[in-house]
Amino acid sequence: MFKRSTLFFACVAIATGMALFHIKYQVVALEQEHKQTASRIKETHESIHVLKAEWTHLNDPRRLQTLAQKHLNIGPIKSTQFISLKLLAPSDGAYDKFALDQLIAEVADVAMGDH
């Protein structure tokens, strides 16, 4: 019959073969996962590139100016919209918050074209 050492080495060889077979399939699975991850990274980089191009287009100053003129009822600042704080300052140096709030509301109404 077989000697014990022959049987032992045969078992070791079978166990090693099975371990190598298992490791080979783990490596194949990891390679596939790596390829998928690399593919997703590439797609993400391409998406980022497209989004940057869209962002550049959307933030084009000429485009934004056209949209602002079309959708916002605003124009250039006029000199009549400015007021000196010296005109608002009372002689004692204390400001009337209510009066300032009313003045700001009136200026905002005029700027919006309500008056």
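We did not get these values from a lab; they are worked out from the coordinates using the rules stated. Computed from a prediction, not measured in an experiment: that's the story for all the values here. Here Cβ is always computed from backbone atoms with ideal geometry, including for glycine, and neighbour counts include all displayed protein chains.
Contour minus end-to-end for residue 21 and residue 81, with contour as 0.36 nm per residue of separation and end-to-end as the Cα-Cα distance? Provide the component values of the computation, followed by the final result.
Working: separation 60, 0.36 × 60 = 21.60 nm, distance 8.27 nm.
Extra length available between residue 21 and residue 81 comes to 13.3 nm.
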- [ ] Provide the FRET efficiency to the nearest 0.05 for the residue 99-residue 37 pair, computing r from the beta carbons and using R0 = 41 Å.
- [x] 0.05
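How charged is the neighbourhood of residue 10? Take every other residue with its Cβ under 12 Å from the Cβ of residue 10, and add Lys/Arg as +1 and Asp/Glu as -1.
Working: positive: 3, 4; negative: none.
Charge balance near residue 10 sits at +2.
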Open item on the list: Limiting things to C-alpha atoms, what are the Rg and the maximum Cα-Cα separation (Dmax) for region 1-66, in angstroms?
Closed with: 28.3, 96
TODO: Give me the aspartates and glutamates in straight-line cross-link reach of residue 97: C-alpha distance below 16 Å, same-chain residues under 8 apart excluded.
DONE: 106
